[in-house]
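Peer 1: Please see the structure below; I have some questions.
The values are calculated or read from the model by the stated rules, or taken from the named source; none is laboratory data. Worth saying up front: this structure is predicted, and the values here are computed from it rather than measured. Every residue, glycine among them, receives a Cβ derived from its backbone with ideal geometry; neighbour counts consider all protein chains shown. Surface accessibility is based on the protein's heavy atoms, side chains included, excluding ligands, DNA and RNA. Shrake-Rupley method; radii C 1.70, N 1.55, O 1.52, S 1.80 Å.
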Amino acid sequence: MTAQVVTKLRSDARDNRERILAVARAAFAAEGLDVPIREIARRAEVGVATVYRHFQTKEALQAEAFAEQMASCSAIVEEGLSVGDPWRGFSLVIERLMEVHALDRGFARAFTSRLPQATDFAADHARTLRQLLELVRRAKEAGPLRKDFVLEDISLALMANEGIRAESPEMRVAASRRFAALMLQSFQANPVPTPLPPPVRLPLSRR
């Protein structure tokens with residue numbers, strides 16, 4: 001086998017890997033984490049064996065697909081910790097996380113679930129959760145955050161936020177901002193009513 005042929009094979013393998021990741025990101029974001037590997041392979045125009053040659057498990061594929069989003073969320077939490085006012089830092093994190101999750105259904109599910117075999121992703125996820133706990137502790141000690149607030153309340157808010165359905169990404173973000181404002185008022189120890197972001201027309205079920 002010539003060096004030129006080896007180089008081409010390596011290039012094809014890289015192209016396949018990048019295409020699989022691109023398809024997986026789009027599929028998980030639009031449809032959630034239950035999209036089968038077989039369907040991802042079909043959309044990427046490769047065989048199932050090719051997917052598993054690059055990613056040993058579905059969790060490994062999910063972790064790689066969401067690595068960039070996980071880094072973004074970690075940066076958001078770190079930014080919140082750097083804000084001098086604990087409540088303002090906490091509010092910033094809730095608002096920004098909900099905005100990211102409104103645009104990416106798959107990542108919302110990955111963030112609020114566990115990927116135990118995806119070591120790097122799990123480590124980043126655990127570090128971000130520790131930082132969130134520190135942010136919650138500071139906001140409670142400062143007074144504005146209600147004392148019975150728990151970290152799972154953020155998961156509840158994110159899961160509910162994931163369910164937003166709107167006609168466009170811009171409308172989903174706008175609806176998410178309003179929902180985040182409502183959640184933040186409910187998280188306050190002594191809520192002070194403040195104007196909400198503008199409402200968004202959302203579809204209602206009809207019977």
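Peer 1: Going by average Cβ density within 10 Å per residue, which order do the peptides 88-98, 147-157 take, highest to lowest?
Peer 2: Ranking the peptides 88-98, 147-157 by packing returns 88-98, 147-157.
Peer 1: Same structure, new question: Counting only complete DSSP H runs, which helices of the chain cover 18 Å or more along their long axis at the Cα atoms and score a mean Kyte-Doolittle of -1.0 or above? Mind showing how you got there, number by number?
Peer 2: Values: long enough: 3-31 (41 Å, -0.24); 67-82 (23 Å, 0.34); 86-103 (26 Å, 0.44); 119-142 (35 Å, -0.53); 169-187 (26 Å, 0.25).
Answer set is 3-31, 67-82, 86-103, 119-142, 169-187.
Peer 1: Here's another thing I want to ask about it. Calculate, in nm to one decimal, what Leu81 and Ala13 gain on full extension: separation in residues at 0.36 nm each, minus their alpha carbon distance.
Peer 2: Values: separation 68, 0.36 × 68 = 24.48 nm, distance 4.11 nm.
Additional length available on full extension: 20.4 nm.
Peer 1: Let me check against my output: what whole-number percent is the relative contact order of the chain, with C-alpha pairs under 8 Å and at least 6 apart? Don't jump to the answer; show the numbers that get you there.
Peer 2: On the way: 214 pairs, mean separation 41.3, N = 207.
So the answer I get is 20 percent.
Peer 1: With labels modelled as points extended 7 Å from the Cα through the Cβ direction, what inter-label distance (nm, one decimal) is found for Tyr52 paired with Arg178?
Peer 2: It is 4.7 nm.
Peer 1: So what's the back-of-envelope 222 nm ellipticity for the chain, counting only DSSP H runs of four-plus at -39500 (n - 2.57) apiece and dividing by all residues, rounded to 500? Numbers along the way, then the final one.
Peer 2: Values: 10 runs with 147 residues, N = 207.
Value at 222 nm, helices only, nearest 500: -23000 deg cm²/dmol.
Peer 1: Ordering Phe179, Phe66 by how much accessible area each has at a 1.4 Å probe, largest first, what is the list?
Peer 2: Details: Phe179 50, Phe66 0 Å².
Result, largest first: Phe179, Phe66.
Peer 1: So if R0 is 22 Å, what FRET efficiency would Ser74 and Arg137 give, r being the distance between their Cβ atoms, rounded to the nearest 0.05? Walk me through the numbers on the way to the answer.
Peer 2: Values: r = 18 Å, r/R0 = 0.82.
Result of the calculation: an efficiency of 0.75.
Peer 1: Full extension from Arg43 to Arg146: what is 0.36 nm times the residue separation minus their Cα-Cα distance, to one decimal in nm? Mind dumping the intermediate values first?
Peer 2: Working: separation 103, 0.36 × 103 = 37.08 nm, distance 4.69 nm.
Extra length available between Arg43 and Arg146 comes to 32.4 nm.
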